[in-house]
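The values are calculated or read from the model by the stated rules, or taken from the named source; none is laboratory data. No experiment lies behind these values; they were computed from the predicted model shown. All Cβ positions, glycine included, derive from the backbone under ideal geometry; neighbour counts span all protein chains shown.
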């Protein structure tokens, strides 16, 4: 079933539920509606869940914060509760907790400035959701809102992908390219922090000139660790290197007696970055 098929049913059900709740107490109205049909039962349960979230979290905590901090009323009244409901959908109601003000206030403030930047907005919502989950709120440190403020929108997009990838398989492959003189010792670092980036449309290798600066920033912020003294034993994890345009250019360099050597390493996502969900 597609999203387009769900929307009309949800609108009709929500209208019926709202009318019934206006006339009777919540429990009785929802029980009667649930008995009418499977679709109405699902809609009633969904509505009840959203009511619980709004009462337990949004109205009690986030609405005053949003108004105090100047979050767009249009966004808060029409979209915020839906965005948060999606983030909190898998959290049982008994684990919904009031977030610490030291986390919620800077996160809401940052959110108010990031509504047009989808990746930064996503990170602030993730932080708020983590702070609202009693099982995970210890992972939401007050400093994390400040970390997000120190990211550019393009940087945040790649960081989210990197964190999610790193949390699943563990270590990620990263290399640096060094121009080495055949008969000499050592070499010149030409490319640091090379990752297997690809164009999302074509799947072809993509270059990001700002990547070294971004990774240095992520290391500084404690989100990742890069270690060239530790590498993955599966050599296939580095098979992409020779197809990278950066490597090809250095290999084709016509400087005499020079060649491109590869130093393999690993990128590790730190525990402190798991609030990104």
**Study point:** Sole exception among (1) modelled with pLDDT under 90; (2) under 26 Å from the mean Cα position of the chain (by Cα); (3) buried (at least 16 other Cβ atoms within 10 Å of the Cβ) for residue 250, by number
**Key:** (2)
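Determine which member of the set 154, 135 is more than 30 Å from residue 235 (Cβ to Cβ) and modelled with pLDDT of 90 or more. Steps first, answer last, please.
Details: 154 fails: modelled with pLDDT of 90 or more.
135 is the lone residue from the list that is more than 30 Å from residue 235 (Cβ to Cβ) and modelled with pLDDT of 90 or more.
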Point to revise | Meets criteria (more than 22 Å from residue 147 (Cα to Cα) and either surrounded by fewer than 19 Cβ atoms within 10 Å (Cβ to Cβ) or out of contact with any helix residue (DSSP H, G or I) (no Cβ under 7 Å at 6 or more places or on another chain) (or both)) for residue 92 | key: yes
Practice item. All but one of (1) crowded, with 18+ Cβ neighbours inside 10 Å; (2) more than 18 Å from the chain's Cα centre (by Cα); (3) closer than 26 Å to residue 216 by Cβ hold for residue 114, so report the exception by its number. Key: (2)
Review point. Among the residues of the stretch 149-164, which ones are touching a residue at least 40 places away in the same chain (Cβ under 8 Å), under 11 Å from the mean Cα position of the chain (by Cα) and either under 14 Å from residue 217 (Cβ atoms) or not in a helix (DSSP H, G or I) (or both)?
Key: 158, 159, 162, 163
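Each row is one residue, and each column tells you yes or no for (1) touching a helix residue (DSSP H, G or I) at 6+ places or on another chain (Cβ under 6 Å); (2) part of a strand (DSSP E or B).
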| position | (1), (2) |
| --- | --- |
| 189 | no, yes |
| 192 | yes, yes |
| 201 | no, no |
| 231 | no, no |
| 242 | no, no |
| 246 | no, no |
Practice item. Show the residue pairs that are 6+ apart or on different chains and have beta-carbon atoms under 9 Å apart, the first residue being within the stretch 130-142 and surrounded by fewer than 17 Cβ atoms within 10 Å (Cβ to Cβ), the second being modelled with pLDDT under 85 and in a loop (DSSP other than H, G, I, E, B). Key: 134/91; 134/97; 135/91; 135/97
